[in-house]
Structures are given as C-alpha cells and as structure tokens.
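These notes are about the structure you will find just below.
Laboratory data are not the source of any read-out in this text; all were calculated from the coordinates shown. If you're wondering where the values come from, they're calculated on a predicted model, not measured in any experiment. Quick reminder, even Gly has a Cβ in these numbers, built from the backbone with ideal geometry, and neighbours come from all protein chains shown.
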Amino acid sequence: MIHQIKALYNEGNGLSARQIAQQLGISRHTVTKYLKLTAAEITDLQDATERGSKLDDYREYIIHLLQTYPGLSAVKVLRKLKAKEESLVVSDRSVRRYIQALKQEISVKQRRYYEPVLDMVPGEQCQVDGGELRGVMIGGVETTVYFMVFVLSYSRLMHVSVSDRPIDTETLIHQHDAAFRTFGGMPQECVYDQTKLVVISEVFRELQLNQRFHQYATAAGFHIRACEGYDPESKGKVEAGVKYVKQNGFYGETFADWSELEAYLSDWLATIANQRLHGSTGQQPAIHYRNEEQTKMRPYLTPSCVSENTVQAKVTRKVDKTGLIAWQGNKYSVPMAYQKAQVAVTVDGGQLRIGDLATGEEIAEHTLRLEKGQIIKNTDHYRDKGQRIQALEQDIQELLGQGADASQALCALLKQTSPKIYKDQLLGVKQIINHWRQQYGGIGDEVLERILRRSQLTATGFRACLEAWQYHLEQTASATTPDTIAAARSTKLARYRALNGQPTGPGGRHGIH
C-alpha cells in the first residue's frame, strides 16, 4: 500500500493526495501521513509494527508488571519475559518502545484496568475464592458444605477443597498446601478477594495482611494479591469456578457420609472439571496444564510453619466487649478481665482451650459445639449481678441516711418500675444522691416522702423531683426578703385600685408619689 501511494504520487508529478485516496479507497489523511515519511522512517514504522505483534501476546503480563512495579526497567521486563518464554527474541530497544507506547495507552485509552488478567502467562497466577452450599444431603441430613476453589489462570486447571465447618485461617493454609501438592508446583502469585482470612484491612490500597497467612505465603514463596473492594471481575475465572462447583459439582447429589463426598469430588475433578473442553481456552485444562504450564510452575515443598495437625495449631482471637470469642461459627466465653484483649486458642481433641498470651496460663476451657450460631458461656466468667445489686442497695441506704425503711422503699419502687434495668437504675440513683449530698448537703425527709408516694419512679424521674423541690425551696426563700415583701404589697395595692376604678399611676389624684 505504501509503495502504491509513493508510485501514484511520483514525487509530486502524479496524482494528488485526494485522487490517490479515492483510487485506493483509503483516507486522504492516511495518504498524507505516508507521503510525509521518508524511506527510513517507513522502515522503522514497519519494524515497530512487527515488534508490537511479538509483544502483544504478553501485553497483559507487561501491564501487570508495570502496575505492580511502576519503576521496572525495560531490561528487567525483558528478563522476566524470557524467564517465561525462552524462545522469545526481541531487543531491549523494542521492549522499551513498546512499554513507552503502552504507558500512554493505559493512561489515555484504558480508563479502567481489570487486574490482574494473566491468561497468556503460564505458571504466573492462581485465583482463589470460597463458597458454601446449603442443603447438601449427607447421611440423610441437610448439611452446609464449605469449599475453596483454586483455578490456574493460564490452563484453567482446577482444585477444590471442602470443609464441614466455616473455613478459618489454618484450614485455608492446609487447603493451599493440598492444592499446590496436587498441581505439582506453585504459581508466582495468588489472587484473593478481601477476606479476613487473608487481608485484615485496606486503606488507599495499602493492605494489612493476616499475619498467620502472610507467614505461610512468605515461607512457601508466593505473592499475595488482593482485589479492590467490590470488584469481583478482578478474579472472574475463579468466580465462574465457584458457580461451576455448585451447579455442576454438588447440586442434585446425595452422599452417605463425608468420605463419600470427598471421593466423589476427587473423581469429578479428575474426570469432568479438568477434562471438559474449556469455553475460553478451547482446550482441556488437564492436558493444557501438562503440555504448557506445568514446567513453568515453581517447585513447592510444604513449609515447616504448616502444622501436621490443624486442630492442634495455636491461633489468637480478640475478646469482644461481652467477654466472648468467635470460633468456627460459635462464640465462647472467657473471664471478663480479658475484655477486648487478645487470647491464645488451641483445640485439643474436642476441647477448646483458651490461654493468656503473656503467661501461657489456661484461663478457660469449653467443649466444642458442632451446631453453628451457639453462644457457650461459663457463668463463673461473669460477675455475680446479685452481689452487685446488694452492694448498690447498701450504698444507697448509707448515702440517704434516713434509715433502712426509706431506702428499701426507694429501691422497691425503682425495681417495680424498671425490673430489667434495675441494676443500672440503682447505679444512677446512687450517683444522683451522691451529687446532691455534695451540692446541697443531702436529701430532706419531706421531699423523699413526697417521692415515695409516687406509683412509678425512674432514676431520671428521681432527679427531676429533686430539682423541682430545690427550685421550690429557692423561690420560697427569695419571697421572704424585705424587698420582695414590699414589692408584693405594692402589686396588691395596684390591683385593688384597678378594681375600684381609681387611678394607679404616679400622676393621678390618688396615686402614689
């Protein structure tokens, strides 16, 4: 096409740019662009196009590298490319030009990047996500099955681990260990949503990772990547995998026991999930993995930080303000002295043992419950409310100073009005009486007698009565001063004269001068 344009133009002696465009059926601007280029510039342009076609196969991987490490040099990018594909022949200069053009394209044209998408790079990424399916019939009982799906982004090879209880961090670590041993290798990175099992929090895309899981990932040697919040498209392959496991794997199946379910799942993965013709790759995941990805996976050995027995692994839990810790779908009590503190948790057989992190001393022990949503309390962990109420009643009697009968009547009235919050009402009345003693020297017998005649009483009502009585006393005291008495007499005389039609002003005949 370029040669035809040049020939028709004949260095200005042939057709015009508009005539060439009409004859060749292309844009006049395209003709003008090529007419302005020299032969050397045309050669460079064609070379750049060829280079671009080579690197386009690795476009998403290069984008991934640049967004993860913005300062990565073209030389380092090329080294990582050749580590993935040894047969790739391209120069540093070509990669540098490609990256420069790519950065301009990402910033201008690609407003949103669905990261990470690494379909074209074998051994680079595994997407991980969990799910649950309720109502699975196991031994004639409707059971909830919790599972974790692992999908290799390149080959779409899938692994699924199941659990009969909500998945915690230790279980997730063992599921990763099982998946990598099944794959026969480990990817460079694993992608997750922002589950607390992996990511504790995110602020401005700065991640605070789950310390226990981060320890495992570091020891194993893979990188943790978390999707942005509310962005399921970032791990679309495994999202589709979770639906596939639910609908094609478990839905409509019944099992005699848990071991039969695990055997069925293993067979389903081997004969169906990893043997089907995948809609995106057009290949069978198992064969695609064996032919092109397996040799690109990193070697994997189970790290020493992975305990042999999950149930004996010690983890920590934070005690909430009610003195409870969460464990596998239930809540268990600890002594109230550990409110909002971190405690160590160990499972030994069927017992949940809770210990002091600093001393290692065991502070609580519970029998594990298989049902979910239960609250298991040891009443010894909580203060005796009865003793607390008795102490408050005694304090009120001492503060009132009017004898046992008056304080007992006051407490009985409070209890009758608000039995469910009686302790809090006692605490409020105690604070009010203490304040009144400091401010006014105490509560008089007359006002207390008036209060006890009421049919209902709350702490706020008790304070309102005292304030009203104090206002009454102050008004009465101010009304007995000489100035107040004179003012009252003058007011009465003025009213008398007004009633008898006499002038009341100072200028009247009978007025006061």
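Could you pull out the pairs from Lys377/Lys423; Lys318/Lys372; Lys33/Lys80; Lys196/Lys331; Lys196/Lys340; Lys196/Lys243 whose alpha carbons sit more than 27 Å apart here?
On the way: Lys377/Lys423 21 Å; Lys318/Lys372 19 Å; Lys33/Lys80 36 Å; Lys196/Lys331 18 Å; Lys196/Lys340 18 Å; Lys196/Lys243 22 Å.
Distance filter (> 27 Å) returns Lys33/Lys80.
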To the nearest 0.05, what FRET efficiency results for Val141 and Gln416 with a Förster distance of 45 Å applied to their C-beta separation?
0.40
Using a 7 Å offset from the Cα along the Cα-to-Cβ direction at both Asp445 and Lys76, what is the distance between the two label points in nm, to one decimal?
9.0 nm
Extended-chain gain in nm, criterion 0.36 nm per residue less alpha-carbon gap, Gln339 and Glu371
9.0 nm
When the charge dipole of the range 278-426 is computed with +1 on Lys and Arg Cβ and -1 on Asp and Glu Cβ about the Cα centre, the Cα farthest towards its positive end, among His278, Leu399, Gly386, belongs to His278
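How much length would be gained if the chain were fully extended between Ala101 and Arg437, taking 0.36 nm per residue of separation minus their Cα-Cα distance, in nm to one decimal?
Details: separation 336, 0.36 × 336 = 120.96 nm, distance 8.14 nm.
Between Ala101 and Arg437, full extension yields 112.8 nm more.
On full extension of the chain, what length is gained from Ala7 through Thr218, given 0.36 nm per residue of separation minus the C-alpha to C-alpha distance? Intermediate results must be reported in sequence, preceding the final value.
Values: separation 211, 0.36 × 211 = 75.96 nm, distance 6.35 nm.
In short, 69.6 nm is gained.
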Could you tell me the largest-minus-smallest coordinate of the C-alpha atoms of the range 131-226 on each of the three principal axes, in descending order and whole angstroms?
46, 31, 21
Can you compute the charge dipole magnitude of the range 376-471 about its Cα centre, using +1 on each Lys and Arg Cβ and -1 on each Asp and Glu Cβ, nothing else charged? Give it in debye, rounded to the nearest 20.
420 debye
Simple spin-label model, 7 Å along Cα-to-Cβ: His472 to Glu41 in nm?
10.3 nm
Taking Cα centroids, how far is the range 16-41 from the range 333-396 in Å?
84 Å
Across 5 Å bins from the origin, how do the percents of Cα pairs in the range 378-483 run, short distances first?
2, 11, 21, 23, 16, 9, 7, 4, 3, 1, 1, 0, 0, 0
